[in-house]
Every structure is written in C-alpha cells, then in structure tokens.
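Below is one structure, written out as structure tokens, with a few remarks after it.
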Amino acid sequence: MKIRLNSLKKYIYDLEYAISVKDTKSVLKVSRTIKNIVSDIENDFSIVTSFADGVKYKKIYIIDALYKPFHLKKYDGKSLEKFLTIRTYDLKVANALDAHNRFWKQNKVFKTNIFGLVPIDMISPDSMNTLMQNGWVVVNVDVLDFTKSIAKLRDIISYSERNFKYFTVLEEKEKDNLFVLKF
C-alpha cells in the first residue's frame, strides 16, 4: 500500500507541475493515472467475498513487507532448519530481528507456509537494503479479515491451502478476529 501511496504522491506532484506549465496533454494523462490508482485503492478495501463453504472475508489492509523466498514444496526438517538459520542470520545482520519477532509475537499463528516476512515500516531503510541484498523481496501482503462467527478455523485453513500460494492464518492476540496474510 505504501508503494501505491508514494506513487500517488508523485503523480499529484506531476499534475501540479503540468497544470502550472499549462500542458493539457500531461494533465489529462496524469489525471487518468491518479484515477486508476485511487480506484485500485478503493477496490482493495471494498471487496467482500463469500464462498459456498461458508467462508467470508474482506480485504481490510495491505502491508508492504519483505519476504524471504522458500522454494521447496515439501518442508522436511533439515531444509527448513537450514532456511530458518539463514533467515535469522539475515535478520541479525540487517538489525531487523527484533522488528520481525515483535511483529510475529503480536499474533497467534495457526497455519503458515511462509517462514520469513517482516513489514517494511517496522524496519529502517538500511535494514531493508541489507535484507534485499540477501535475497529478500518486496511484496504486498493482503490482510484478509475472516468473520469468525461464520467461518470455523479449519474451514479458513482449508480454504487458504486451496486458494492461496503463500499465506498465514493467524489471530490477533488482543482481539478475537481471524486474519489471513496472503500474497
């Protein structure tokens, strides 16, 4: 989301400049781009999806994050342990381990197939650069709010496994809501 907002700010600056120099063609082009960005943001926050199995969710937020790719289909103990060691080393070198742990301790994780994720706004630009040099990639993570009274945890996990390539099913410790982080 932060990337979209920064892009929007840039285009607003471009629009101001185009208006000040009376460049009609640029005003129209930039205006259309701004409308598209705003429309995308509105769509992201207004989508409510319902499924035959009783699972309902709403995309409530988008987090810009860094993700450490894990390319194995089966998570055997040795390869996962090696990956986690490398991930922890990357986070320590980048001075981002505390931010990573703080983010994950705020939630109770029920099911996940991602093992390295940290929100960009929780770390410094230097930490971000170091992680990216070590193979971490920028991703937009959709935060999906599941209506707990309608969907059971097992239904949410099952749905997530069937429909999302990368996900984490979690519950905020302070609230009683189930969320899925999906990208």
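Among the residues of region 129-136, is there at least one that is closer than 20 Å to Ile62 by Cα, touching a Gly at 6+ places or on another chain (Cβ under 8 Å) and of a type outside the set (Ser, Thr, Tyr)?
Yes: one or more hits.
If Ala96 satisfies every condition in (1) touching a residue at least 24 places away in the same chain (Cβ under 8 Å); (2) out of contact with any Ser or Thr (no Cβ under 6 Å at 6 or more places or on another chain) but one, which is the exception?
Just one mismatch for Ala96, condition (2).
Only one residue in Phe183, Phe167, Phe103 is closer than 17 Å to Tyr61 by Cβ, at pLDDT 90 or above and either over 15 Å from the mean Cα position of the chain (by Cα) or hydrophobic (A, V, I, L, M, F, W, C) (or both). Which one?
Phe167
State all residues of region 34-56 that are in contact with a Leu (Cβ under 9 Å, 6 or more places away or on another chain) and either exposed (fewer than 12 other Cβ atoms within 10 Å of the Cβ) or at pLDDT below 80 (or both); if no residue qualifies, say none. It would help to see each step written out before you state the result.
Of all residues in region 34-56, those in contact with a Leu (Cβ under 9 Å, 6 or more places away or on another chain) come to 34, 37-38, 41, 49.
The answer is Ile41, Thr49.
Within region 124-133, identify whether any single residue is more than 18 Å from Asn107 (Cβ to Cβ), assigned by TED's automatic domain parsing to the domain that holds Gln106, in contact (Cβ under 8 Å) with a residue 60 or more places away in the chain and surrounded by fewer than 13 Cβ atoms within 10 Å (Cβ to Cβ), and answer yes or no. Spell out how you get there, then give the answer.
Looking only at region 124-133, we keep the residues that are more than 18 Å from Asn107 (Cβ to Cβ), and these are 124-133.
Those left that are additionally assigned by TED's automatic domain parsing to the domain that holds Gln106: 124-133.
Narrowing further to those that are in contact (Cβ under 8 Å) with a residue 60 or more places away in the chain: 128, 131-132.
Imposing the further condition that a residue be surrounded by fewer than 13 Cβ atoms within 10 Å (Cβ to Cβ) reduces the set to none.
Within region 124-133, not a single residue is more than 18 Å from Asn107 (Cβ to Cβ), assigned by TED's automatic domain parsing to the domain that holds Gln106, in contact (Cβ under 8 Å) with a residue 60 or more places away in the chain and surrounded by fewer than 13 Cβ atoms within 10 Å (Cβ to Cβ).
Considering region 145-164 alone, what residues qualify as being assigned to a loop (DSSP other than H, G, I, E, B) and at pLDDT 85 or above? Give the steps one after another, and end with the answer.
So the first thing to find is which residues in region 145-164 are assigned to a loop (DSSP other than H, G, I, E, B), and the list is 147-152, 164.
The one that is assigned to a loop (DSSP other than H, G, I, E, B) and at pLDDT 85 or above: Phe164.
Of everything in region 65-85, what is at pLDDT 90 or above and surrounded by 14 or more Cβ atoms within 10 Å (Cβ to Cβ)? Give them in sequence order.
Correct list: Ala65, Leu66, Tyr67, Lys68.
So, in region 110-131, how many residues would count as being among the aliphatic types (A, V, I, L, M), under 26 Å from Lys175 (Cα atoms) and either in contact with a helix residue (DSSP H, G or I) (Cβ under 8 Å, 6 or more places away or on another chain) or modelled with pLDDT of 90 or more (or both)?
5
Would a scan of region 136-144 turn up a residue that is at pLDDT 90 or above, among the hydrophobic types (A, V, I, L, M, F, W, C), on the phi < 0 side of the Ramachandran plot and in a loop (DSSP other than H, G, I, E, B)?
Checking region 136-144: at least one residue is at pLDDT 90 or above, among the hydrophobic types (A, V, I, L, M, F, W, C), on the phi < 0 side of the Ramachandran plot and in a loop (DSSP other than H, G, I, E, B).
The values are calculated or read from the model by the stated rules, or taken from the named source; none is laboratory data. Since the structure is predicted, the reported quantities are computational estimates derived from the model, not experimental observations. When we count neighbours, we look across all protein chains shown, and the Cβ atoms used for this are built from the backbone with ideal geometry, even at glycine.
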